[in-house]
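Quick notes on the structure that follows.
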């Protein structure tokens, strides 16, 4: 009897491991649940979930015996957790295993933007270096003041790395936290005003939507660089595009966008950005660890053991 | 009376500052010294130097009253320091002020190579993300073992940064140094065998030529990534190209090459490299500090004060 439904696109490795360990039914997205035979839907007790399509109360209602949604990824903003809780459905995610990768990319995005590494690489590959001489001067990154927006696991990992670059660390968070002398700001405008770089490491979802507002970007100012490795929704994207186009901020390193992968074409016309295709956790090592943790949560649930990384 | 000769290409800012502070004669390269009038050559006591063309004993001999060569840059391998010493000529460089920038670039080169940031950026800019889906998986960088070849100021700054990425640090150097628990290797083959990443931070010049040899590259192995921010000469470049082409090592992040800017065209055909146009210290802030330190050394010499950063 099939009790597990796997929703979303899995790598070959993860798909094979799911089949081996849990023999699930596969579906492309939440919209495909309704098309499953009623008897099959009755049998599903656990759901392996990946992707950014909304999994809401209506979809959960189609699986009357569902007890677990095991998300692949630390961000579970696609899942209506409140609705799940109301229905007695537990939600798990895959924290910690991806923290390092996301923090690495955040640091590299900051340096790559400030040091103009992409146009500098193009200067070499096009032969301009030999034909036209030196590339020109970029901007020093070490020694600046870094503002972390959201000091959770990933924000803290970024701050720890940047501290090694002789940076003073400021942060904003729901409440002040235990830190090695980092400066707390209650509101993001105050944070943005104090720093050279703003690194956004918030959770996604409605409560952080547009948290980095037009006012925050104005406070960051024309020398400011913004890095976002969280969710496109955490920044007012229209205001960000305006600020990048007008020079109201200096530049951005972005791994996340609204409407991925169909991102706003205005981004592609900018020369002061480094754009990545939401690859924060996209390493062989980390994706393997994420898949393992997702399956381990499902196995724990099916065996009646304690969940490893519960969300609700 | 003009007592200062400025050799090489200076930025507008540096040229203006040189003129303001030291009223020098300008020449493009060491090869132009001979063309200066004999009387002018007699008067020159200090030389502001930048560039990678050889400044040897013969050129020094054309300036009989030369007492100082003030190099712009930390690496002074273009200058025959032994010949200068023999002639009683002091040499200065510009250490420390560029350490941070070079170390920043080294870290970013490592992450950019491992995380495939350039092809990932192209995946976005070409519209492949929207048209063809996810970019694919790269390689985790945090938590690896890093080998620093040459633990001088810059090597140490790189190691300090990488330690913040949960990396174990190994190094090789002329002798074992005081470190926070980093592992010393007497020879670079042993170092390369022990680590995942090899970051070359040697001084240039004949004594380090080809220090990273074919054997070192073989010991680094097919999962190894090499980063070079020192001088092209420190690596056996033909062996490096062979290793990159054959997959004997995984990839490289390179800011320096033999025969810059006319680099070997084999580099441009590789897909496992991140290439930069020798921009390690090329930031507005650092180049200003380097120019200031060069001029301060010359002023100190002309005033009979102690040199700030003597080499010999």
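The values are calculated or read from the model by the stated rules, or taken from the named source; none is laboratory data. Worth saying up front: this structure is predicted, and the values here are computed from it rather than measured. Please note: Cβ atoms are built from the backbone with ideal geometry, for glycine as well, and neighbour counts cover all protein chains shown.
Every condition in (1) at pLDDT 95 or above; (2) surrounded by fewer than 21 Cβ atoms within 10 Å (Cβ to Cβ) is met by residue A:102 except one, and the failing one is (2).
Condition (residue is more than 10 Å from every other protein chain (Cβ to nearest Cβ), part of a helix (DSSP H, G or I) and at pLDDT 95 or above) applied to region A:68-78: is it met by at least one residue? Step through it out loud before you land on a result.
Taking region A:68-78 and keeping what is more than 10 Å from every other protein chain (Cβ to nearest Cβ), we get A:68-78.
If we keep only those that are part of a helix (DSSP H, G or I) too, we end up with none.
Within region A:68-78 (the criterion being more than 10 Å from every other protein chain (Cβ to nearest Cβ), part of a helix (DSSP H, G or I) and at pLDDT 95 or above), the answer is no, since none of the residues qualifies.
Of the residues that make up region A:86-100, is at least one under 23 Å from residue B:143 (Cα atoms) and in a helix (DSSP H, G or I)? Even if it seems obvious, please write down each step before you answer.
Taking region A:86-100 and keeping what is under 23 Å from residue B:143 (Cα atoms), we get A:93-100.
Next, only the ones that are in a helix (DSSP H, G or I) stay: A:99-100.
Scanning region A:86-100 turns up at least one residue that is under 23 Å from residue B:143 (Cα atoms) and in a helix (DSSP H, G or I).
Spot the failing condition for residue A:300; the list is (1) assigned to a loop (DSSP other than H, G, I, E, B); (2) free of Cβ contacts under 8 Å to residues at least 12 places away in the same chain, and only one is missed. All conditions are met except number (1). Please go through (1) more than 14 Å from every other protein chain (Cβ to nearest Cβ); (2) surrounded by fewer than 22 Cβ atoms within 10 Å (Cβ to Cβ); (3) within 22 Å of residue B:287 (Cα to Cα); (4) touching a strand residue (DSSP E or B) at 6+ places or on another chain (Cβ under 9 Å) for residue B:35 and return the number of the only condition it doesn't satisfy. So the condition that residue B:35 fails would be (3). Scan region B:286-294 and tell me whether some residue there is within 11 Å of another protein chain (Cβ to nearest Cβ), touching a helix residue (DSSP H, G or I) at 6+ places or on another chain (Cβ under 7 Å), buried (at least 20 other Cβ atoms within 10 Å of the Cβ) and assigned to a strand (DSSP E or B). No, region B:286-294 contains no residue that is within 11 Å of another protein chain (Cβ to nearest Cβ), touching a helix residue (DSSP H, G or I) at 6+ places or on another chain (Cβ under 7 Å), buried (at least 20 other Cβ atoms within 10 Å of the Cβ) and assigned to a strand (DSSP E or B). Residues of region A:274-285 that are in contact with a helix residue (DSSP H, G or I) (Cβ under 6 Å, 6 or more places away or on another chain) and in a loop (DSSP other than H, G, I, E, B): A:276, A:277, A:279, A:280, A:281.
Name the residues in region A:113-145 that are closer than 20 Å to residue A:227 by Cα and more than 7 Å from every other protein chain (Cβ to nearest Cβ), would you?
So the first thing to find is which residues in region A:113-145 are closer than 20 Å to residue A:227 by Cα, and the list is A:113-120, A:138-145.
Correct list: A:113, A:114, A:116, A:119, A:144, A:145.
Kindly establish whether residue A:110 is in a helix (DSSP H, G or I), facing chain B (nearest Cβ under 9 Å), in contact (Cβ under 8 Å) with a residue 12 or more places away in the chain and more than 24 Å from residue B:285 (Cβ to Cβ).
Details: in a helix (DSSP H, G or I): yes; facing chain B (nearest Cβ under 9 Å): yes; in contact (Cβ under 8 Å) with a residue 12 or more places away in the chain: yes; more than 24 Å from residue B:285 (Cβ to Cβ): no.
When the stated conditions are applied, residue A:110 does not pass them.
Taking region A:42-67 as the range and being touching a strand residue (DSSP E or B) at 6+ places or on another chain (Cβ under 9 Å) and assigned to a loop (DSSP other than H, G, I, E, B) as the test, the residues that pass are A:44, A:45, A:50, A:51, A:53, A:54, A:56, A:63, A:66, A:67. Selection over region A:252-268 of residues that are crowded, with 17+ Cβ neighbours inside 10 Å, within 8 Å of chain B (Cβ to nearest Cβ) and either touching a helix residue (DSSP H, G or I) at 6+ places or on another chain (Cβ under 6 Å) or at pLDDT below 95 (or both) gives a count of 1. Count of region A:203-220 residues, restricted to those that are part of a loop (DSSP other than H, G, I, E, B) and in contact with a helix residue (DSSP H, G or I) (Cβ under 8 Å, 6 or more places away or on another chain), is 6. For region B:136-194, which positions are part of a loop (DSSP other than H, G, I, E, B), touching a residue at least 24 places away in the same chain (Cβ under 8 Å) and within 19 Å of residue A:107 (Cα to Cα)? Those that are part of a loop (DSSP other than H, G, I, E, B), touching a residue at least 24 places away in the same chain (Cβ under 8 Å) and within 19 Å of residue A:107 (Cα to Cα): B:139, B:140, B:141, B:142, B:143, B:144, B:165, B:166, B:167.
Screening residue B:245 with (1) part of a loop (DSSP other than H, G, I, E, B); (2) in contact (Cβ under 8 Å) with a residue 24 or more places away in the chain; (3) farther than 21 Å from residue B:77 by Cα gives one miss only, at (1).
Residue check: is residue B:110 modelled with pLDDT of 95 or more, buried (at least 22 other Cβ atoms within 10 Å of the Cβ) and closer than 30 Å to residue A:167 by Cβ? Break it down stepwise before answering.
Numbers: modelled with pLDDT of 95 or more: yes; buried (at least 22 other Cβ atoms within 10 Å of the Cβ): yes; closer than 30 Å to residue A:167 by Cβ: yes.
Against the criterion (modelled with pLDDT of 95 or more, buried (at least 22 other Cβ atoms within 10 Å of the Cβ) and closer than 30 Å to residue A:167 by Cβ), residue B:110 qualifies.
Of the residues B:166, B:86, only one is more than 9 Å from every other protein chain (Cβ to nearest Cβ), at pLDDT 95 or above and surrounded by fewer than 21 Cβ atoms within 10 Å (Cβ to Cβ); which? Don't jump to the end; show me each part of the working.
Numbers: B:166 fails: more than 9 Å from every other protein chain (Cβ to nearest Cβ).
One residue alone meets the criteria, B:86.
For (1) under 24 Å from residue A:107 (Cβ atoms); (2) within 13 Å of another protein chain (Cβ to nearest Cβ); (3) at pLDDT 95 or above, each residue gets a yes or a no:
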site	(1), (2), (3)
A:199	yes, no, yes
A:218	no, no, yes
A:222	yes, no, yes
A:250	yes, yes, yes
A:270	yes, yes, yes
A:278	yes, yes, yes
A:304	no, no, yes
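Among the conditions (1) surrounded by fewer than 23 Cβ atoms within 10 Å (Cβ to Cβ); (2) within 12 Å of another protein chain (Cβ to nearest Cβ); (3) touching a helix residue (DSSP H, G or I) at 6+ places or on another chain (Cβ under 7 Å), the only one that residue B:185 does not satisfy is (2). Only a single criterion out of (1) modelled with pLDDT of 95 or more; (2) out of contact with any helix residue (DSSP H, G or I) (no Cβ under 7 Å at 6 or more places or on another chain) is not satisfied by residue B:64, namely (2). Do we have residue B:91 as touching a helix residue (DSSP H, G or I) at 6+ places or on another chain (Cβ under 7 Å) and either assigned by TED's automatic domain parsing to the domain that holds residue B:262 or farther than 26 Å from residue B:153 by Cα (or both) here? Answer is no for this residue. Residue count for region B:149-163 under the criterion of being within 14 Å of chain A (Cβ to nearest Cβ) and either surrounded by fewer than 22 Cβ atoms within 10 Å (Cβ to Cβ) or in contact with a helix residue (DSSP H, G or I) (Cβ under 7 Å, 6 or more places away or on another chain) (or both): the result is 9.
Hey, does region B:125-135 have a residue that's outside any loop (DSSP other than H, G, I, E, B) and either in contact with a strand residue (DSSP E or B) (Cβ under 6 Å, 6 or more places away or on another chain) or under 30 Å from residue B:183 (Cα atoms) (or both)?
Here is the first cut: in region B:125-135, the ones outside any loop (DSSP other than H, G, I, E, B) are B:125, B:128-132.
Right, trim to either in contact with a strand residue (DSSP E or B) (Cβ under 6 Å, 6 or more places away or on another chain) or under 30 Å from residue B:183 (Cα atoms) (or both) and you get none.
No: region B:125-135 contains no residue that is outside any loop (DSSP other than H, G, I, E, B) and either in contact with a strand residue (DSSP E or B) (Cβ under 6 Å, 6 or more places away or on another chain) or under 30 Å from residue B:183 (Cα atoms) (or both).
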